[in-house]
Amino acid sequence: MEQPAWVVMKFGGTSVASVDRWTTIKAQAEARLEDGERPVVVCSAISGVSDAIEDILSGCASGHPEQALSALRAKHQVLADALGVDLDREIGEDLQEIEDQVRGASLIREVTPRLHARLMAMGERMSTRLGAAFLRQSGVKVTWVDAREHLRASEAPNTPQARAMLSAECDFLPDPELRVAFSRCEGVIITQGFIARNAAGETVLLGRGGSDTSAAYFAAKLQAKRCEIWTDVPGMFTADPRQVPNARVLRALDYNEAQEIATMGAKVLHPRAIPPCRAGQIPINIRCTPKPDLEGTIISAEGAGDGAGVKAISARRGVMLVSMETVGMWQTVGFLADAFAVFKSVGLSIDLVSTSETNVTVSLDPSANTTDPETMTALLEGLSPLCEARIIGNCASISLVGRQIRSLLHQLGAVLGLFEEQRIHLLSQAASDLNLTFVVDEDQADRLVAKLHARLFASRTEDALFGPSWETLFDRAGQPGLHMLEWWIQRKDELLALAEGE
Ligand code: ASP
Ligand code: MG
């Protein structure tokens, strides 16, 4: 039997939050069908819902989740009304179940990882139920599928329970059974991001932001033709457009470059979503739901096919350095092993490392660590027999990302001049040859990123790699002046609601 051309289309939280967005989802899914492709729509929870459920769960510990529960119901009611869908019929039972479970948990004031995962999963369940009902009543043939029936968590031995339940990873080998099962489904398949099942049949989560990863798993298992990630920005950029309005769209990247940009802190695509697509050689296309005509970014094995070059600047704030000074390490055996064992024993993951004869400095990535005072004190105590350790807080790491960065060093001279009056705490050139990273004081980061960006990209003409800037994209779309404000204006209601909830 000839295999259908599967196209996975993932829509993020803001992309499923209004009737306008669902109208775009409908049009895009229908366009795929017209092209003879089979769309698999993977959705996030409505934006703000996963955070709201997390808040409710922390409310359980204090015993007062009522207000947050009614806000959750109200949020879904607003969308259901806009979609013209009956809330009670579609998700009444889900909301009831959340309320029952939360009451139980707030009585005993305890939320287990198991319950946490089960309730968080409701966010994706509810958005897809409302969306499927809307599509169905607009005349689209839809099959609603529970993602947990098809994504199985692969359990590495000795994984702590919280991690196994809340940040699981799944197998993604080609899955002929899934292809058969989906071939039997009618029309547009709609399913949830973020959730899977473990071997015991329990609900697990794929980590915050994990819907992208779900889409990639489905794409790899189906050996899809393409994995589309629909979000609220039109692609990956040369820098974060919220900080650098003239950041340029990157039209094409290879998997390694995209992985590096995603890992270095760009929020457009979850870094865990790239390996499954790379393994299956499936192109990822990042698209913008509010502006569906834009082509976005294509991530594939070829990339822009242009060899070496800096493609993006990323900045990570809140970085902490640990500097370890000792004369004792010179030519001794095992200093790094002993020192790193202390990091391991207090549960800290090291990011960058630079070494000299008398000093080793490492950085701690804020997204991978909890650098609370107790942990840091325990670290310093553990290190004190080995070296003189010192913490340097309030740093930012700024990375220039691109293929074969080593071969470009001679061209970067002028750019490096920008660091002249800056104290560079640490410099690291990735062994993968994909990034060059500087750690500087945090309060210098914005200024440096803007200046570096202006030097490297501002005057580049449009080509196969560099697309238009964020500013021009939004001006061209007839909304001059809105570029930076748009985030706040678009999400005004959410922000006001949040402020009220405080
Ligand atoms: N809803 C989940 C979250 O907010 C997963 C996702 O949207 O990617 O983390
Ligand atoms: Mg996301």
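The values are calculated or read from the model by the stated rules, or taken from the named source; none is laboratory data. Note that the structure is a prediction, hence the values are computed from the model and not measured. Every residue, glycine as well, gets a Cβ built from its backbone with ideal geometry; the counts of neighbours run over all protein chains shown.
Tabulated data
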quantity	calculated
Residues (of a type in the set (Lys, Arg) and more than 15 Å from ligand 2 (Cβ to nearest atom)) located in the range 243-279	ARG248, ARG251, ARG278
Failed criterion for SER50 (all others in (1) polar (S, T, N, Q); (2) surrounded by fewer than 19 Cβ atoms within 10 Å (Cβ to Cβ); (3) within 28 Å of VAL188 (Cβ to Cβ) hold)	(2)
Qualifying position, being under 25 Å from ARG251 (Cβ atoms), aliphatic (A, V, I, L, M), modelled with pLDDT of 90 or more and surrounded by fewer than 12 Cβ atoms within 10 Å (Cβ to Cβ), among ALA454, ALA464, ALA450	ALA464
Some residue of the range 232-241 being among the polar types (S, T, N, Q), buried (at least 24 other Cβ atoms within 10 Å of the Cβ) and within 14 Å of ligand 2 (Cβ to nearest atom)	no
Options LEU178, LEU222, LEU206: the member that is under 18 Å from PRO39 (Cα atoms) and buried (at least 24 other Cβ atoms within 10 Å of the Cβ)	LEU222
Among the residues listed as ARG316, ARG251, ARG278, the single one being more than 16 Å from ligand 1 (Cβ to nearest atom) and within 16 Å of LEU452 (Cβ to Cβ)	ARG316
Subset of the range 456-472 (residues that are in a helix (DSSP H, G or I) and more than 17 Å from SER314 (Cβ to Cβ))	GLU471, THR472
Residue match in the range 196-214 (condition: within 15 Å of ligand 1 (Cβ to nearest atom), touching a Pro at 6+ places or on another chain (Cβ under 7 Å) and of a type in the set (A, V, I, L, M))	no
Residues that are buried (at least 20 other Cβ atoms within 10 Å of the Cβ) and without any contact (Cβ under 8 Å) to a residue 60 or more places away in the chain, drawn from the range 181-196	ALA196
GLY84 at pLDDT 95 or above and more than 29 Å from HIS270 (Cα to Cα)	yes
Condition met for LEU87 (in contact with a His (Cβ under 7 Å, 6 or more places away or on another chain), without any contact (Cβ under 8 Å) to a residue 60 or more places away in the chain and under 27 Å from GLY187 (Cα atoms))	yes
Residue in the range 238-248 that is over 30 Å from GLU471 (Cα atoms) and under 21 Å from the mean Cα position of the chain (by Cα) present	no
Lone qualifier among VAL111, VAL41, VAL19 - being touching a residue at least 12 places away in the same chain (Cβ under 8 Å), touching a helix residue (DSSP H, G or I) at 6+ places or on another chain (Cβ under 8 Å) and within 16 Å of ligand 2 (Cβ to nearest atom)	VAL41
Some residue of the range 5-17 being hydrophobic (A, V, I, L, M, F, W, C), within 16 Å of ligand 1 (Cβ to nearest atom), under 22 Å from the mean Cα position of the chain (by Cα) and under 21 Å from PRO176 (Cβ atoms)	yes
Tally of residues being part of a loop (DSSP other than H, G, I, E, B), out of contact with any strand residue (DSSP E or B) (no Cβ under 8 Å at 6 or more places or on another chain) and either within 16 Å of ligand 1 (Cβ to nearest atom) or among the small types (Gly, Ala, Ser) (or both) across the range 24-67	5
Meets criteria (without any contact (Cβ under 8 Å) to a residue 40 or more places away in the chain, away from ligand 1 (no atom under 15 Å from the Cβ) and aliphatic (A, V, I, L, M)) for ALA258	no
Those residues of the range 115-142 which are touching a strand residue (DSSP E or B) at 6+ places or on another chain (Cβ under 8 Å) and either more than 19 Å from SER58 (Cα to Cα) or more than 15 Å from ligand 1 (Cβ to nearest atom) (or both), in sequence order	GLU124, ARG125, SER127, THR128, ARG129, GLY131, ALA132, LEU135, ARG136, VAL140, LYS141, VAL142
Members of the range 429-447 that are under 22 Å from ILE392 (Cβ atoms) and either at pLDDT below 90 or within 24 Å of the chain's Cα centre (by Cα) (or both)	GLN429, ALA430, ASN435, LEU436, THR437, PHE438, VAL439, GLU442, ALA445, ASP446
Of the criteria (1) at pLDDT below 95; (2) surrounded by fewer than 21 Cβ atoms within 10 Å (Cβ to Cβ); (3) of a type outside the set (Phe, Trp, Tyr); (4) in a helix (DSSP H, G or I), which one LYS267 fails	(4)
Out of VAL353, VAL360, VAL327, sole residue that is loosely packed, with under 13 Cβ neighbours inside 10 Å and among the β-branched types (Val, Ile, Thr)	VAL327
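Residues are listed down the side, and each one gets a yes or a no for (1) within 21 Å of ASP351 (Cβ to Cβ); (2) loosely packed, with under 12 Cβ neighbours inside 10 Å; (3) among the basic types (Lys, Arg):
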{"residue": "ALA378", "(1), (2), (3)": "yes, no, no"}
{"residue": "GLU381", "(1), (2), (3)": "no, no, no"}
{"residue": "SER384", "(1), (2), (3)": "no, yes, no"}
{"residue": "ASN394", "(1), (2), (3)": "yes, no, no"}
